[in-house]
1. Only one residue in B:ARG398, B:ARG498 is surrounded by fewer than 20 Cβ atoms within 10 Å (Cβ to Cβ), part of a loop (DSSP other than H, G, I, E, B) and touching a residue at least 12 places away in the same chain (Cβ under 8 Å). Which one?
2. Go through segment A:185-202 residue by residue and tally those that are more than 7 Å from every other protein chain (Cβ to nearest Cβ) and within 9 Å of A:ALA307 (Cβ to Cβ).
3. Please go through segment B:422-457 and give me each residue that is part of a helix (DSSP H, G or I) and either outside the structural domain of B:GLY288 (by TED's automatic domain parsing) or closer than 25 Å to B:THR284 by Cα (or both), ordered by number.
4. How many of the residues making up segment A:153-185 are in a helix (DSSP H, G or I) and not hydrophobic (A, V, I, L, M, F, W, C)?
5. For segment B:336-354, which positions are at pLDDT below 90 and among the hydrophobic types (A, V, I, L, M, F, W, C)?
6. Quick test of your reading of the structure: B:LYS35 fulfils all but one of (1) outside any strand (DSSP E or B); (2) away from every other protein chain (no Cβ under 14 Å); (3) closer than 27 Å to B:GLY412 by Cβ. Name the failing condition by number.
7. Identify all residues within segment B:20-40 that are within 22 Å of B:VAL69 (Cα to Cα), polar (S, T, N, Q) and out of contact with any helix residue (DSSP H, G or I) (no Cβ under 7 Å at 6 or more places or on another chain); write none if there are none.
8. Checking the condition assigned to a helix (DSSP H, G or I), surrounded by 14 or more Cβ atoms within 10 Å (Cβ to Cβ) and not assigned by TED's automatic domain parsing to the domain that holds B:VAL176, which residue from B:LEU285, B:LEU304 passes?
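The values are calculated or read from the model by the stated rules, or taken from the named source; none is laboratory data. Since we're looking at a predicted model, the values are computed, not measured. Here the Cβ positions follow ideal geometry from the backbone for every residue, glycine too, while neighbour counts run over all protein chains shown.
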Amino acid sequence: MDYATLLQILDSTVRLAVPLLLACLAGLWSERAGVFDIGLEGKMLVAAFASGAVAFLTGSAWAGLLAGIGAALVWALLHGLASITFRGNQLISGVALNFLASGITVLVAQTAFQQGGRTPSLSGEARFNELTLPLAETARGVPVIGPLYADVISGHPILTYLAVLAVPLTWWVLYRTRFGLRLRAVGENPAAVDTAGVSVARMRFSAVLITGVLCGIAGAYLATALQAGFGREMTAGRGYIALAALIFAKWRPWGALWATLLFGFFQAIALRPDVVPIPVPALEALPYVLTVLVLAGFVGKAIPPRAGGEPYVKER
Amino acid sequence: MLQSPNTAPAIELRGISKAFGPVQANKDISIRVAKGSIHGIIGENGAGKSTLMSILYGFYRADSGEILVDGRETPIPDSQSAIRAGIGMVFQHFKLVQNFTVLENVILGAEDGGLLRPSLSKARKELARLSRDYGLEVNPDARIEDLSVGYQQRVEILKALYRQADILILDEPTGVLTPAEADHLFRILRGLRDQGKTVILITHKLREIMEITDTVSVMRRGEMVATVTTRDTSPAELAELMVGRKVLLRVDKTPATPGEVVLEVEDLRVTHNGVERLKGVSLTLRRGEILGIAGVAGNGQSELMEVLAGIATATGQVRLLGRDLNLAGHEDGRDRRRAGVGHVPEDRHHLGCIMDFAAWENVAFGYHREDDYRRGPFTDQAALKADTAAKMQRFDVRPPLPDLAIKHFSGGNQQKIIVAREIERNPDLLLIGQPTRGVDIGAIEFIHKQIVALRDQGKAILLVSVELDEVMSLSDRVAVMFDGRIMGTRDAATTNERELGLLMAGVTETA
């Protein structure tokens with residue numbers, strides 16, 4: 001394998017890692033606040049549909065992004081309503097919302113556009129186009145680093161850079177701010193937060209809404225940047241791989257970056273059977289195998305937030 | 001009528017009532033707590049003490065009544081208002097975030113702004129001052145999960161003081177402490193009082209009330225039945241007020257006459273998740289004696305009980321009436337019961353019964369395959385219900401309704417049903433854990449009598465309890481467990497609380 005091929009694989013690693021990273025961070029916010037969210041998949045899917053449809057109708061990728069975020073927020077609110085307000089089972093709520101997303105996107109797409117459950121193909125300003133970072137072409141001449149900068153670091157849509165920026169931002173908010181302290185506390189021991197005079201429900205809703213925003217960006221990325229329009233089930237299990245990455249990352253922001261890059265790399269080499277002679281199904285299974293290994297305690301211990309999955313009820 | 005703020009009580013409650021569904025937890029409660037005093041609130045489980053304090057802390061809202069702080073009417077709709085009014089609460093189950101540091105726990109909810117750094121450095125200075133002033137030393141950077149419960153409790157007190165609480169409420173604070181830790185806590189509380197703070201202490205332990213409070217209020221069935229000056233009362237009087245009739249505080253029993261050896265345990269070891277929970281426990285138990293295991297919860301007592309009851313595996317040797325028991329998991333709880341071991345589990349709700357099931361079904365558990373409960377392949381429900389009704393009568397279970405789900409009985413009556421189930425099968429060895437946890441004084445008296453009667457019939461009894469008073473008064477011999485080992489065994493008649501307390505803290509005399 002020559003250097004150019006490696007750069008190609010790394011470039012597509014980044015492309016494929018971005019939705020995983022956004023979804024993984026989305027899951028991180030929610031789960032750190034004690035709300036398990038198996039519905040990342042569904043939120044991304046409705047966001048992908050809404051952004052694809054609105055971007056086509058308005059011709060603006062930015063309008064599509066807002067619509068995607070809006071749709072994912074509606075799903076996040078429903079999840080919050082079910083699991084925080086009404087103290088329902090978080091897994092069941094998540095699964096139900098996934099099914100709803102899976103059906104409703106295709107139904108509305110078919111009714112509105114009559115293209116077999118897809119949204120019409122996007123072009124021009126209706127898509128997020130690739131940005132060339134400053135000096136990318138000039139730097140190309142520098143050996144090794146130059147092409148890496150020009151081909152792998154540069155040349156992605158703005159959402160990619162937003163996703164990477166979300167990592168230090170998430171870290172900073174979680175560990176350096178009052179909001180982050182309370183949010184982590186609510187995922188570990190909500191009673192401690194409640195007795196300190198802070199509303200558990202409000203903290204958890206904030207977290208779930210942030211999850212919605214990030215899933216919305218992830219979905220918009222799929223429909224208006226990675227692809228040119230929405231297609232049925234276009235999330236293709238990314239929400240579940242993101243959850244696996246979250247465990248692999250041990251619920252930490254920087255870990256999420258490395259885990260999703262690794263999983264994105266697996267997906268990237270699965271696209272190049274000519275280069276890597278590993279059967280594609282084996283590569284697709286790798287993220288899950290690795291996650292099982294982490295859960296089994298082979299790669300350090302992954303301790304989930306202690307109050308995760310449990311609705312908060314005041315004790316008597 | 002105006003009162004000058006200096007003489008106004010720190011807290012005054014007027015006509016507080018609170019119902020949970022059909023249960024009236026607090027009925028028209030009025031109370032005054034003098035400033036700069038330690039005020040005890042005593043009552044049995046379910047008397048409404050914790051509910052009342054939760055109302056004061058804004059955790060629940062009262063249905064009616066008013067709260068006055070320093071003579072001013074102060075509505076407390078939520079915990080934030082309570083904190084603003086200068087009220088701090090140390091809950092029975094600590095409200096700490098286990099993987100946060102002490103400092104992070106202290107500032108949680110009382111941060112000074114959006115960013116943590118300034119809050120943390122301010123709290124660090126403030127904590128140093130509070131530690132100095134009140135003898136509350138604790139490492140601000142330690143993680144809660146690495147601290148002993150005694151220190152965790154200090155963090156809770158520091159949390160309240162950091163929020164400038166003038167009134168500190170402590171709910172059953174000594175339940176998880178060794179006697180030495182409890183003494184230290186009392187010193188801290190006296191220090192707080194002497195600096196002008198007001199302390200409200202909720203407990204069901206008469207000894208603590210007598211030792212530390214200035215005034216004591218007694219609650220019974222949701223009502224405040226009396227408020228008296230501690231100096232002018234006695235434990236017997238308080239117990240009578242709590243229960244509503246005269247009660248026997250000491251267990252009435254004759255000296256033991258131990259017979260043949262029933263149980264021999266040698267070098268018992270249990271490892272759980274890589275942590276050794278039992279580190280070579282050996283003990284001997286004879287017919288006609290009660291061996292009490294004292295110790296702070298979590299020092300291996302539960303593991304010992306579970307191994308003997310056949311629900312956990314271990315290495316080492318256990319002989320029951322001369323026969324080696326299989327500890328590798330080839331024998332289960334049912335095999336043990338058939339071998340003559342009765343087991344009243346420590347955690348009644350977790351291992352002792354199924355709360356949603358009827359009393360008669362709970363009476364069958366563990367014995368459901370016995371012939372007298374069976375008719376061919378089926379359960380003989382009529383026989384079971386008749387037997388349950390008979391047990392209920394003999395053990396004075398109220399209400400005597402075999403079909404009622406066990407969750408509808410009070411803690412004391414639940415425990416009576418379970419004790420009846422285990423005792424009436426005539427075991428050679430009875431394992432009984434926390435026999436009176438969550439049980440009212442009247443039922444405690446009854447259950448203690450049953451245990452002593454069983455001993456007098458020549459049975460061997462292994463008692464595990466975190467209530468040192470109970471172990472001392474009920475046992476013939478007391479073994480103290482600390483960190484998975486038996487630190488020593490003492491004759492219950494001649495030992496004292498200080499000696500056992502040192503052993504409970506892992507201190508052995510080096511004489």
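1. Working: B:ARG498 fails: part of a loop (DSSP other than H, G, I, E, B).
Selected residue: B:ARG398, the only one of B:ARG398, B:ARG498 that is surrounded by fewer than 20 Cβ atoms within 10 Å (Cβ to Cβ), part of a loop (DSSP other than H, G, I, E, B) and touching a residue at least 12 places away in the same chain (Cβ under 8 Å).
2. Selection size over segment A:185-202: 3.
3. At the first step, the residues of segment B:422-457 found to be part of a helix (DSSP H, G or I) are B:422-423, B:441-456.
Within segment B:422-457, B:GLU422, B:ILE423, B:ILE447, B:HIS448, B:LYS449, B:GLN450, B:ILE451, B:VAL452, B:ALA453, B:LEU454, B:ARG455, B:ASP456 qualify.
4. Step one: of segment A:153-185, the residues in a helix (DSSP H, G or I) are A:153, A:158-176, A:178-185.
Keeping just the survivors that are not hydrophobic (A, V, I, L, M, F, W, C) gives A:160-161, A:168, A:170, A:175-176, A:178, A:180, A:182, A:184.
Residues in segment A:153-185 being in a helix (DSSP H, G or I) and not hydrophobic (A, V, I, L, M, F, W, C): 10 in total.
5. Across segment B:336-354, the qualifying residue is only B:LEU351.
6. (3)
7. Here is the first cut: in segment B:20-40, the ones within 22 Å of B:VAL69 (Cα to Cα) are B:26-40.
Now narrow it down to the ones that are polar (S, T, N, Q): B:26, B:30, B:37.
Correct list: B:SER30 only.
8. On the way: B:LEU285 fails: assigned to a helix (DSSP H, G or I).
Testing whether each residue is assigned to a helix (DSSP H, G or I), surrounded by 14 or more Cβ atoms within 10 Å (Cβ to Cβ) and not assigned by TED's automatic domain parsing to the domain that holds B:VAL176 leaves just B:LEU304.
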